[in-house]
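To keep things clear, I will list the structure first and then write my remarks on it.
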């Protein structure tokens with residue numbers, strides 16, 4: 001049995017970091033993730049961890065610090081949000097292509113402008129092609145659990161991992177949580193001994209090499225393979241975590257999908273609100289179901305096709321916009337997955353929702369299901385690129 | 001208590017409404033409940049209206065939105081009555097607890113026809129007399145626990161004593177003053 005506690009999402013992440021006791025943290029504060037390095041620096045100060053805490057002057061430097069440390073052969077971590085993640089972007093690509101399994105906690109937040117500190121997924125979605133594994137959490141519990149699994153996953157495939165939770169909505173809300181005991185965590189996460197490292201005495205390696213056209217593409221192909229391989233690793237580690245805690249994880253979570261005719265595909269804290277909507281609709285005899293994406297990178301294409309192929313209509317919920325006059329990233333990738341698998345029966349629509357902290361209510365999600373029912377009944381999707389709860 | 005109780009706090013930046021909402025979540029957690037305690041965030045300015053929320057339930061609540069149909073509303077600053085729609089969505093079988101020197105019947109006319117219980121407590125006076133300063137959030141916390149019954153009163157006082165001891169370890173007077181403020185507000189809250 002774990003330890004019954006109540007913590008905010010940021011506290012939960014900082015606590016997971018303490019339990020793991022990583023080697024280096026490079027950090028620069030930004031709302032709403034500031035509390036993570038703040039709480040963690042207290043653990044450093046109290047001597048509860050022996051992490052080298054490196055306060056830097058920017059997020060670009062925070063990630064550079066992590067790259068240097070992880071390349072040298074130790075575990076490096078950081079935390080950020082919003083413009084901080086954008087400012088890190090150049091170095092995110094370097095971390096991933098140098099195959100350094102850094103872990104980065106992201107309390108997701110909108111991007112300017114207008115200037116806004118509240119939640120959406122624009123920051124994380126903006127770096128979705130940087131080569132990082134991206135796990136999203138619905139609750140403080142999942143943020144904590146994902147963090148404990150992140151190093152196992154990243155180190156197995158030599159890729160960095162972003163552990164995303166919704167800024168303020170879970171990062172600053174106190175909720176019940178079950179923590180794992182320190183000794184169990186340490187045993188589960190294990191020690192980090194990379195085969196090759198910049199400062200590895202046995203097998204030193206150079207990091208950040210120049211890649212001429214004759215080799216660059218081969219490097220990228222290997223990077224792509226690592227992301228493909230990550231799918232199986234995420235599943236395996238999620239099951240192993242379940243054996244330890246009773247909470248198992250895969251790439252997606254299906255909620256009341258067995259005979260579902262209308263489904264919402266969603267990510268992050270609003271999945272919980274949508275589950276409550278599904279429960280209401282089921283009580284009214286409607287065949288509503290939900291699919292929650294936990295791993296956006298790697299993208300669970302096969303799993304989503306399997307989950308959605310028998311529904312009549314689905315809505316992909318994007319908490320950001322691609323501004324491509326067409327659709328958000330989640331819808332684009334789900335549609336591509338279905339098309340590639342030859343599944344054309346389910347009718348799909350896309351909602352852009354919850355931007356800049358626009359509150360996502362149970363009623364909002366019910367309106368989405370009402371639209372899906374219409375589409376299921378008529379077979380007509382109408383406009384597929386829609387905004388939810390917006391004044392026009 | 002019902003399976004789920006939802007509470008909305010209205011205060012002004014700096015009055016401690018957020019802290020009080022988190023203390024209430026703490027106290028309910030300690031009696032075995034599932035809790036959510038969260039403020040609504042924006043540009044944080046001293047004196048600006050702020051809102052905070054508590055969900056207290058027997059099963060985990062998966063909803064992650066603000067609260068629109070609360071069982072109880074706590075108003076930490078009476079002046080908010082003229083600028084914020086404090087009874088919006090408030091259930092008729094619930095109650096509103098207002099920090100005021102007035103009697104409940106004097107305030108009812110300002111609550112847009114709200115039919116439920118109206119309660120008042122002079123949190124400023126209690127705070128000044130027990131803590132020496134105007135910190136209205138502790139008395140408001142005592143009053144809402146009394147009115148809502150979300151936490152058994154005796155357990156609540158014991159629990160808060162523990163929390164305050166932890167928070168103000170070296171400041172004995174502050175601990176005593178806060179406990180006195182809680183007990184007095186539970187006794188003095190007027191129900192109309």
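The values are calculated or read from the model by the stated rules, or taken from the named source; none is laboratory data. Please read all numbers here as calculations on a predicted model, not as lab measurements. We place every Cβ from the backbone using ideal geometry, glycine too, and count neighbours over all the protein chains shown.
General remarks:
- Just so you know, in segment A:88-110 the residues that are closer than 15 Å to residue A:78 by Cβ and in a loop (DSSP other than H, G, I, E, B) include one that is farthest from the other protein chains (Cβ to nearest Cβ), and it is A:100.
- Residue selected from segment A:111-122 under the condition more than 12 Å from chain B (Cβ to nearest Cβ) and under 15 Å from residue A:352 (Cβ atoms), by the criterion surrounded by the fewest Cβ atoms within 10 Å (Cβ to Cβ): A:111
- Residue B:47 in contact with a strand residue (DSSP E or B) (Cβ under 8 Å, 6 or more places away or on another chain), in a helix (DSSP H, G or I), away from chain A (no Cβ under 14 Å) and within 28 Å of residue B:180 (Cα to Cα): no
- Against the numbered list (1) at the interface with chain A (Cβ under 9 Å from one of its Cβ atoms); (2) buried (at least 23 other Cβ atoms within 10 Å of the Cβ); (3) within 16 Å of residue B:144 (Cα to Cα); (4) touching a helix residue (DSSP H, G or I) at 6+ places or on another chain (Cβ under 9 Å), residue B:26 comes up short only at (2).
- Helices (runs of 4 or more DSSP H) contained entirely in segment A:256-366, each with at least 3 residues that are within 14 Å of chain B (Cβ to nearest Cβ) and in contact with a strand residue (DSSP E or B) (Cβ under 8 Å, 6 or more places away or on another chain): A:270-283
- All conditions but one from (1) closer than 19 Å to residue A:92 by Cβ; (2) more than 14 Å from chain B (Cβ to nearest Cβ); (3) in contact with a helix residue (DSSP H, G or I) (Cβ under 7 Å, 6 or more places away or on another chain) apply to residue A:165; the one that does not is (2).
Here is a yes/no grid of residues against (1) under 22 Å from residue A:367 (Cα atoms); (2) under 22 Å from the mean Cα position of the chain (by Cα); (3) modelled with pLDDT of 95 or more:
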{"site": "A:231", "(1), (2), (3)": "no, yes, yes"}
{"site": "A:241", "(1), (2), (3)": "no, yes, yes"}
{"site": "A:246", "(1), (2), (3)": "no, yes, yes"}
{"site": "A:249", "(1), (2), (3)": "no, yes, yes"}
{"site": "A:261", "(1), (2), (3)": "yes, no, yes"}
{"site": "A:277", "(1), (2), (3)": "yes, no, yes"}
{"site": "A:286", "(1), (2), (3)": "yes, no, yes"}
{"site": "A:293", "(1), (2), (3)": "yes, yes, yes"}
{"site": "A:297", "(1), (2), (3)": "no, yes, yes"}
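- Going through (1) under 22 Å from residue A:10 (Cβ atoms); (2) touching a helix residue (DSSP H, G or I) at 6+ places or on another chain (Cβ under 7 Å); (3) not in a loop (DSSP other than H, G, I, E, B) one by one, residue A:61 falls short only on (2).
- The lone criterion from (1) surrounded by fewer than 18 Cβ atoms within 10 Å (Cβ to Cβ); (2) at the interface with chain A (Cβ under 9 Å from one of its Cβ atoms); (3) under 30 Å from residue A:278 (Cα atoms) left unmet by residue B:58 is number (2).
- Some residue of segment B:33-44 being away from chain A (no Cβ under 12 Å) and outside any loop (DSSP other than H, G, I, E, B): no
- Residues of segment A:4-28 that are in contact with a helix residue (DSSP H, G or I) (Cβ under 6 Å, 6 or more places away or on another chain) and assigned to a loop (DSSP other than H, G, I, E, B): A:28 alone.
- Residue in segment A:180-207 that is farthest from residue A:69 (Cα to Cα), counting only those that are assigned to a loop (DSSP other than H, G, I, E, B) and in contact with a helix residue (DSSP H, G or I) (Cβ under 8 Å, 6 or more places away or on another chain): A:180
- Boolean, residue A:367 is in contact (Cβ under 8 Å) with a residue 12 or more places away in the chain and surrounded by fewer than 17 Cβ atoms within 10 Å (Cβ to Cβ): yes
- Number of positions in segment A:111-128 that are in contact with a helix residue (DSSP H, G or I) (Cβ under 7 Å, 6 or more places away or on another chain), more than 20 Å from residue A:27 (Cα to Cα) and part of a loop (DSSP other than H, G, I, E, B): 6
- Residue in segment A:162-179 that is farther than 23 Å from residue A:228 by Cα and part of a helix (DSSP H, G or I) present: no
- Qualifying residue in segment B:5-18 (condition: surrounded by fewer than 18 Cβ atoms within 10 Å (Cβ to Cβ) and either away from every other protein chain (no Cβ under 14 Å) or touching a helix residue (DSSP H, G or I) at 6+ places or on another chain (Cβ under 6 Å) (or both)): yes
- Subset of segment B:64-80 (residues that are buried (at least 23 other Cβ atoms within 10 Å of the Cβ) and more than 24 Å from residue B:112 (Cα to Cα)): B:64
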